[in-house]
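Here is the structure we will look at, set down as structure tokens.
We did not get these values from a lab; they are worked out from the coordinates using the rules stated. These numbers were taken from a predicted model, which means no experiment stands behind them. Using ideal geometry, Cβ is built from the backbone for each residue, glycine included, and neighbour counts are taken over all protein chains shown.
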Amino acid sequence: MANEPLFLNTDEAATMLNVHPNTILRWIKSGKLPSSKIGSQYRIPREAIENRVSRAGRGTRIIAVANQKGGVAKTTTVVNLAAGLGSMGKKVLVVDLDPQGGCAVSLGISTDSLNKTVYTVLMNDDITFEDVIIKTKQNFDLAPSNIDLAGAEVELKQLMAAEQILKRKLREVIDGYDFILLDCPPSLGMLTINAFTAADELLIPMSMELLALRGLNMLAKTVSKVRAITNPDLTYLGVLATKYDKRTLNSQEIFKALEKASQNAGIKMFRTYITNSVRFTESPNLKAPLILVDPEHEGSKAYNQIVEEIING
């Protein structure tokens, strides 16, 4: 509009981009935002901020990988898909929201030595994802976590708009990636709600166990609540069968039951399944996902098939 100022101060720019003013200052000092300095105040061209608003997150897909039951291969799925997407030339960020820090462990990174993690980002306005992201050798970037994140479940509840914090923080880095994968903890607490609020899509790994199957309905109810309150645009990417053992009748029966349950819930189920293999368990010893360590393995080929389905949508 004609009466809008051509230049903004740092607070006004931060409000338009929904980030902390310190982030604006960091972008100015690193050259990411043009500015001029009058006295002690920075003046930023409105056009530069509007351009950043228009391109922020354009084309970026944020995928939450979640299941409230542990041991269903969430982390295995995240790191293998991230490496597979990266191998296809996509820029990928993995955000580890599990206090167990499984993503870092899978890459041979000691979580005990990490001073800044996802916990630090969520609980401090002046710490951004740029401060904690690790450039890995496995074709993707990692925002790691450790046991400190366990405290966030309680601490987040005391903050205003607690379920929106991850979404707001991701805005600071979203335009640098094609995909952001969120590895959720095995619960439906505040960290998972943050992931569902920030995500565009939800991928649900389901192991071929009866107890895992029973949790699909509970997860769907949580998604319905998130859609009603914080993220009406959240969609299902699909259900992915994991730890499938072709030798057993049990896996075959649960796979069929999962197909029916997914259909009843209106959720797509991938036809490709991930086999139960000791090679997935061994791959952290090699500090890389199996999809890179042994690309000819049946499990690696299955994950590559899922990667292609995700890209081609």
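Numbers at a glance
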{"item": "Sequence-distant residues sharing a close amide H with residue 242 (under 5 Å, placed H)", "result": "206, 207, 208, 274"}
{"item": "Surface/4 estimate of mean projected area, convex hull on alpha-carbon atoms of the stretch 95-149, nm²", "result": "3.4"}
{"item": "Positive-pole candidate from 17, 244, 6, dipole of the chain, charges at beta carbon", "result": "244"}
{"item": "The chain - mean residue ellipticity at 222 nm from DSSP helices (-39,500 (n - 2.57) per run, n ≥ 4, rounded to 500)", "result": "-12000 deg cm²/dmol"}
{"item": "Non-local Lys pairs in the stretch 96-206, i.e. 8 or more apart or on different chains, that have alpha carbons under 24 Å apart", "result": "9"}
{"item": "Mean Kyte hydropathy of -0.5 or more with a Cα span along the axis of at least 30 Å, helices from DSSP in the chain", "result": "210-229"}
{"item": "Listed values (1) 18; (2) 22; (3) 28, entry calculated as percent of Cα pairs over 35 Å apart", "result": "(2)"}
{"item": "Ranked packing of 243-252, 276-285, most packed first, by mean Cβ within 10 Å", "result": "276-285, 243-252"}
{"item": "Amide proton proximity set for residue 237, modelled H, under 5 Å, gap of 5+", "result": "202, 203"}
{"item": "Residue exposure sequence - 204, 38 - by fewest surrounding Cβ within 10 Å", "result": "38, 204"}
{"item": "For the stretch 7-54: rounded, prolate or oblate by the Cα gyration tensor [a/c cutoff 1.5]", "result": "rounded"}
{"item": "Vicinal HN-Hα couplings computed from phi for the stretch 110-123 (Karplus, 6.51 cos²θ - 1.76 cosθ + 1.60; Hz; Gly/Pro x)", "result": "6, 6, 5, 8, 7, 8, 10, 9, 4, 4, 4, 5, 5, 9"}
{"item": "DSSP-loop trypsin sites (Lys or Arg not before Pro) across the stretch 15-44, with at most 15 other Cβ within 10 angstrom", "result": "32"}
{"item": "Ascending count of other beta-carbon atoms within 10 Å, so fewest first, for 24, 133, 229", "result": "229, 133, 24"}
{"item": "Virtual paramagnetic centre 7 Å along Cα→Cβ of residue 218, amide N under 15 Å, in the stretch 63-81", "result": "66-72"}
{"item": "Neighbourhood net charge (11 Å Cβ-Cβ; Lys/Arg +1, Asp/Glu -1) for residue 95", "result": "-3"}
